[in-house]
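Peer 1: Take this structure, written in structure tokens, and hold onto it; I'll ask about it next.
Values quoted throughout were computed directly from the atomic coordinates according to the rules given, and no laboratory measurement underlies them. Just so it is clear, the model here is predicted, and its values are computed rather than measured. Cβ: placed from backbone, ideal geometry, glycine included. Neighbour counts: every protein chain shown.
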Amino acid sequence: MSLQRTRTIIDAASKPGLPAHIKLRHDPGRGRWHVLAPERVFEPDEIAVEILKRCDGATSVESIAEMLAKEYNAPLADILADTISMLQELADKGVVKA
């Protein structure tokens, strides 16, 4: 029997969070953030870190994008599209759940 994994689809209403086995950690010695997963380590860029910090499983992608659009004084539509794209990529890798 094979278990088929279903793909999580991220949209504006999704409420992303990190699974229990995934950790977002700051390395103060190197001044970098890391996403720690079993047998994998990701080094997200500055924008990805700001998005991941807000992925608490309760805040929608749209709300995250609204916060970032205000913080960076950027068009909401662009931020929302980029945020969905990034989170979808991470969801496909099993780093984010929604």
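Peer 1: Is it the case that some residue within the stretch 38-48 is out of contact with any strand residue (DSSP E or B) (no Cβ under 7 Å at 6 or more places or on another chain), within 26 Å of Glu62 (Cα to Cα) and loosely packed, with under 14 Cβ neighbours inside 10 Å? If you could, list the steps in order and put the result at the bottom.
Peer 2: Of the residues in the stretch 38-48, the ones out of contact with any strand residue (DSSP E or B) (no Cβ under 7 Å at 6 or more places or on another chain) are 38-40, 45-48.
Next, only the ones that are within 26 Å of Glu62 (Cα to Cα) stay: 45-48.
Imposing the further condition that a residue be loosely packed, with under 14 Cβ neighbours inside 10 Å reduces the set to 45-46.
The answer is yes, given that some residue of the stretch 38-48 is out of contact with any strand residue (DSSP E or B) (no Cβ under 7 Å at 6 or more places or on another chain), within 26 Å of Glu62 (Cα to Cα) and loosely packed, with under 14 Cβ neighbours inside 10 Å.
Peer 1: Has the stretch 77-94 got any residue that is β-branched (Val, Ile, Thr) and touching an Asp or Glu at 6+ places or on another chain (Cβ under 7 Å)? Spell out the reasoning first.
Peer 2: Restricting attention to the stretch 77-94, the residues satisfying the condition of being β-branched (Val, Ile, Thr) are 79, 83-84.
Applying the additional criterion that residues be touching an Asp or Glu at 6+ places or on another chain (Cβ under 7 Å) yields 84.
Looking for residues that are β-branched (Val, Ile, Thr) and touching an Asp or Glu at 6+ places or on another chain (Cβ under 7 Å), one finds at least one in the stretch 77-94, hence yes.
Peer 1: Go through the stretch 73-89 residue by residue and tally those that are among the aliphatic types (A, V, I, L, M) and without any contact (Cβ under 8 Å) to a residue 12 or more places away in the chain. Quick ask: steps written out before the conclusion?
Peer 2: Taking the stretch 73-89 as the starting set, the residues that turn out to be among the aliphatic types (A, V, I, L, M) are 74, 76-77, 79-81, 84, 86-87.
Next, from what is left, pick out any that are without any contact (Cβ under 8 Å) to a residue 12 or more places away in the chain: 74, 76-77, 81.
Residues flagged as among the aliphatic types (A, V, I, L, M) and without any contact (Cβ under 8 Å) to a residue 12 or more places away in the chain within the stretch 73-89 amount to 4.
Quick grid of which residues meet (1) of a type in the set (Val, Ile, Thr); (2) surrounded by fewer than 17 Cβ atoms within 10 Å (Cβ to Cβ):
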residue	(1), (2)
Thr8	yes, yes
Gly29	no, yes
Leu36	no, yes
Leu52	no, no
Asp56	no, yes
Pro75	no, yes
Thr83	yes, no
Gln88	no, no
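Peer 1: Tell me yes or no: at least one residue of the stretch 8-28 is without any contact (Cβ under 8 Å) to a residue 12 or more places away in the chain and polar (S, T, N, Q).
Peer 2: To start, the set of residues in the stretch 8-28 that are without any contact (Cβ under 8 Å) to a residue 12 or more places away in the chain comprises 20, 25-28.
Now drop any that are not polar (S, T, N, Q), which leaves none.
Within the stretch 8-28, none of the residues are without any contact (Cβ under 8 Å) to a residue 12 or more places away in the chain and polar (S, T, N, Q).
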